[in-house]
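Read the figures in this text as sums done on the coordinates, not as results from a lab. Not measured: the values here are computed from a predicted model. Cβ coordinates were reconstructed from backbone atoms using ideal geometry, including for glycine residues, and neighbour counts include every protein chain displayed.
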Amino acid sequence: RISAMMGERPVRLNDEALRAIKIHVDLYVRRKDSTSDKPGDESLKVIYARSAPYVPMIARAFAARNIPIVIGIYLPMIESGYRPCAESSFGAKGLFQFLPQTAEIYGVAHADMCDAEKMAPAAAHYIADRMAELGDDSQSMTLVLLSYNRGPNGVTDALRLADPGIRITARE
């Protein structure tokens, strides 16, 4: 169902892949009853409540780039738990967990990485760029989302290693 929300040509997964996904989703959903306020352990109710002021702004930014809004809404849920100034041990920061160099490429100064109003359009632009090179149907969106965490060249390099004859039009 989620695959269909992300574009045409919904992904058809085999039973092994569905079982693996279900394990992770069940672990994530189990948090809904958590009483912890530690990042990564908070209940989904707390995260949903924190998302409320950001969802309309994120929806506008992603719709402006013709990106399924579901992508924009769920990215900060996974990346930062909707904490606008969350910072990872790798130096990623903000609602969408950009690295400083990526934020700069997408027009956001290091000092503004906690500004969700600036980060949402940057994240939408980043996703749009990945969609331009990897595709915009729901099957390609899996690669787009993977590239969000691995970087723009991580997925294309892996695809080229898997199939040296593959042609990927990179926007560099």
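The simple Förster model, with R0 at 45 Å and r as the Cβ-Cβ distance, assigns residue 111 and residue 29 a FRET efficiency of 0.80. Close amide H partners of residue 98, meaning residues 5 or more places away or on another chain with modelled amide H under 5 Å apart, are 93. When each of the peptides 17-24, 93-100 is scored by the mean number of other C-beta atoms lying within 10 Å of its residues, the order from highest to lowest reads 93-100, 17-24. Close amide-amide hydrogen proximity is noted between residue 137 and no other residue 5 or more places distant or on a separate chain, at a cut-off under 5 Å (H modeled in the peptide plane; Pro and chain starts excluded). The gain in end-to-end length when the residue 158 to residue 64 segment is fully stretched comes to 30.8 nm, 0.36 nm per residue minus the alpha carbon separation. Spin-label model, residue 146 to residue 89: label points 7 Å out along the Cα-to-beta-carbon direction sit 2.5 nm apart.
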